[in-house]
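The values are calculated or read from the model by the stated rules, or taken from the named source; none is laboratory data. Computed from a prediction, not measured in an experiment: that's the story for all the values here. Cβ atoms come from the backbone with ideal geometry, glycine included; neighbour counts cover every protein chain shown. Accessible surface areas use protein heavy atoms only, side chains included; no ligands, DNA or RNA. Shrake-Rupley method; radii C 1.70, N 1.55, O 1.52, S 1.80 Å.
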Amino acid sequence: MRLRGAALAGAVVIGLLVLMAAGAPVITAVTGQSPTAFHPEAIDPALGGLPRGGWGGIGAGHLLGVEPGSGRDVLARVVWGAQVSLLISLAATIVSTAVGTALGLVAGYLGGWADMAVGRLMDLLMSFPSLIFMIAIMSVAPDGDRELILVGVLGLFGWPYIGRIVRGQAMAMAGREFVEAARVLGAPRGAILFREILPNLTGPVLVVATLSIPGYIATEAGLSFLGVGVRPPTPSWGQMIASAVQWYAADPVYFLIPGVLLLVTVLSFHLVGDALQGER
């Protein structure tokens, strides 16, 4: 019962987060703020660029305050940053799930050289210190379309984990009666893989995919924090946390807002993923 309650709370938080991200243009239009607009009047040069007023400059004009040093509206950057984080993590999840499922099915069902080739490729990618390689790749990546490059990099290092699970399940189902019956009836391999075996793997694949999303969100935030992920002027929670490090003692509100949002988002996806895993 506790797990169900926690999972329900996590699902509600995810739903609100999706609405916030999808409604980012509407929210910023209503508040009249842009995530890239500077507001020098909202900061105090005499205090080194700290926001005017208490609680990080929170007020009627800036509902979550302003960014120290620049005066950019925190609410606008938070909602647009949520959109960026969700789109990147969901796209990376789709890529890694599609590639991992397809290659895992082929390796598990066909066996032999196909299993050996896919298995060695998975072992190779999983043996890499993925974060270091991500940093290296993103450091030399061009500035244009960095979001697409980031999706590709996350998907490249993420698909082996799903592929290994699908491969094991496909190997176990290859000898099941319904698969043997389809084979005897002359069904082609593609039909057996995607009409007989794949529908029986939707549960495990859904669980792994759900649990992958928070990992990608955290990884994107970490790369942006290090300056090799999403770059300005595109807003990102990791970017905000990185810029807040030098201000956390004087303006803790600016540090807490993106940090708490990142924590709650990752925790919510984990709670929902754990609940789905428990129902299997």
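With all protein chains kept in place, the per residue accessible area of the stretch 120-200 amounts to 57 square angstrom at a probe of 1.4 angstrom.
In terms of packing, defined here as the mean over residues of other Cβ atoms within 10 angstrom, the peptides 198-204, 229-235 line up highest first as 229-235, 198-204. Summed over qualifying helices (DSSP H, 4 residues or more, each -39500 (n - 2.57)) and divided by its residue number, the chain shows a 222 nm mean residue ellipticity of -23000 deg cm²/dmol. Heavy-atom accessible area, probed at 1.4 angstrom with all protein chains present, ranks W80, W237 as W80, W237, highest first.
Give me the percent of the accessible area of the chain that comes from carbon and sulfur atoms, probe 1.4 Å, all protein chains in place. Here carbon and sulfur together make up 70 percent of the probe-accessible area.
Between I132 and N200, what is the FRET efficiency for a Förster distance of 51 Å, r being their Cβ-Cβ separation, to the nearest 0.05?
The value I calculate is 0.85.
Enclosing the Cα atoms of the chain in their convex hull gives a volume equal to 154 cubic angstrom per residue.
Between V245 and L121, the FRET efficiency from the beta-carbon distance, with R0 = 30 Å, is close to 0.20.
On a full-extension model of 0.36 nm per residue, what is the gain between A114 and R183, subtracting their alpha-carbon distance, rounded to one decimal in nm?
22.9 nm
Only one residue of P51, V84, S96 has its Cα farthest out toward the positive end of the dipole of the chain, where Lys and Arg carry +1 and Asp and Glu -1 on Cβ, and that residue is S96.
A simple packing score, the average count of other Cβ atoms within 10 Å per residue, orders the peptides 23-30, 59-66 as 59-66, 23-30, with the highest score first.
Taking all Cα-Cα distances within the stretch 1-61, those exceeding 14 Å account for 71%. P(r) tail for the stretch 79-168: Cα pairs beyond 16 Å make up 58% of the total. Based on the Kirkwood radius over alpha-carbon pairs, what is the Stokes-Einstein translational diffusion coefficient of the stretch 141-280 at 10 °C with 1.306 mPa s viscosity, in µm²/s? Diffusion coefficient, whole number: 88 µm²/s.
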